[in-house]
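Everything below concerns the one structure shown next.
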């Protein structure tokens, strides 16, 4: 009787992809904290409930876009949730101070005593409010650079974290604006929603993303050489935020110009992210080739890892032939390989010393080898990116041939007798 090959256990480590449910749960916790503040400021739970519903309405779409941009090298979910909550906390703090002192000069129009009204504050108050808001949001991103520098591998990472900060800020600022507007009647609430609610969840992340670009550039430079980029991003963020807050009472013509400026800034941001994605794809091709090993990663696997469409098909292949755990194992394999390529780039740029790089390389290759062995252990068919069986995650042609020979060999193992009638049949 032929002995069966051992079945490697799947890697129990859950791939750190972004669970939308986790982020939604953190968002709800942050909102619960500011709901009491909104009720205390404006009075009554009914306006707060209506404002909360309107504030949440556009957030899932923007959040889905942010997570889509983060799909090549997903960031740690808890760190994303923390930046989102920090942005919400900044908005709540500004709103509380502005209402406590009744002074529009220390807060943004959305969070000040006139929040929700059709007329915006003066240019001076809009500038000071934008200055304070973007400085506090930028402080969160600078703290990320200081304490989580290793998580910033390029433009995309800086933009994603900045977008989470801005999205949390927009969520709470809109809540304050809607609660204040509802006190003036339904018409004011509808006007406030169309005035700020539809685009603020997009523009606030855009403002923060300007600082995120600078922080990402600084993270890729030697220490203290990229500070000018952070300052430049902060200036752009304050300028865009001021233009947006000041555009409401300037007339339709000026407001249209501001819209065009925002759209242009968004287009430039997307181009920068596309270029950064191409850079990472190039790193995967160049940095992973020296680590080719039939049991860990092959040339065909490198080709798959450098193509987003093929990566998605690979996860589908793993789920189809190896179950849900197989899909998770493939996702973990892809993420570990991408992080290994980025670690190689940081080592080449002098941001990792030899010992740290060796440790990262060895642990990554070991994890990739375990994931590949787990998938091979389920005897899946050759994947589409390596139909000849040259992938490290599928049995090779020789193994398939051995499986075909296994059955007649097992029958002959019963004895050294010659062919029987059954064998002739």
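The values are calculated or read from the model by the stated rules, or taken from the named source; none is laboratory data. Since this is a predicted model, take the numbers as computed values, not measurements. Counting neighbours? That spans all protein chains shown, and the Cβs are built from the backbone with ideal geometry, glycine included.
Here are the numbers for the structure shown:
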{"quantity": "Among residues of the stretch 328-364, those that are within 28 Å of residue 380 (Cβ to Cβ), crowded, with 19+ Cβ neighbours inside 10 Å and touching a helix residue (DSSP H, G or I) at 6+ places or on another chain (Cβ under 8 Å), counted", "calculated": "12"}
{"quantity": "Positions within the stretch 365-395 being outside any loop (DSSP other than H, G, I, E, B), surrounded by fewer than 20 Cβ atoms within 10 Å (Cβ to Cβ) and without any contact (Cβ under 8 Å) to a residue 60 or more places away in the chain, in sequence order", "calculated": "366"}
{"quantity": "Selected residue [at pLDDT 90 or above and in the same structural domain as residue 378 (by TED's automatic domain parsing)] from 295, 318, 267", "calculated": "318"}
{"quantity": "Members of the stretch 239-257 that are closer than 26 Å to residue 155 by Cβ and surrounded by fewer than 20 Cβ atoms within 10 Å (Cβ to Cβ)", "calculated": "239"}
{"quantity": "Within the stretch 324-364, tally of residues that are free of Cβ contacts under 8 Å to residues at least 12 places away in the same chain and farther than 28 Å from residue 276 by Cα", "calculated": "1"}
{"quantity": "Selected residue [more than 16 Å from residue 219 (Cβ to Cβ), modelled with pLDDT under 85 and either surrounded by fewer than 22 Cβ atoms within 10 Å (Cβ to Cβ) or assigned by TED's automatic domain parsing to the domain that holds residue 350 (or both)] from 173, 191, 150", "calculated": "191"}
{"quantity": "Given (1) closer than 21 Å to residue 153 by Cα; (2) under 24 Å from the mean Cα position of the chain (by Cα); (3) surrounded by fewer than 20 Cβ atoms within 10 Å (Cβ to Cβ), number of the condition residue 309 does not satisfy", "calculated": "(1)"}
{"quantity": "Residue 129, sole failed condition from (1) at pLDDT below 85; (2) within 21 Å of residue 347 (Cα to Cα)", "calculated": "(2)"}
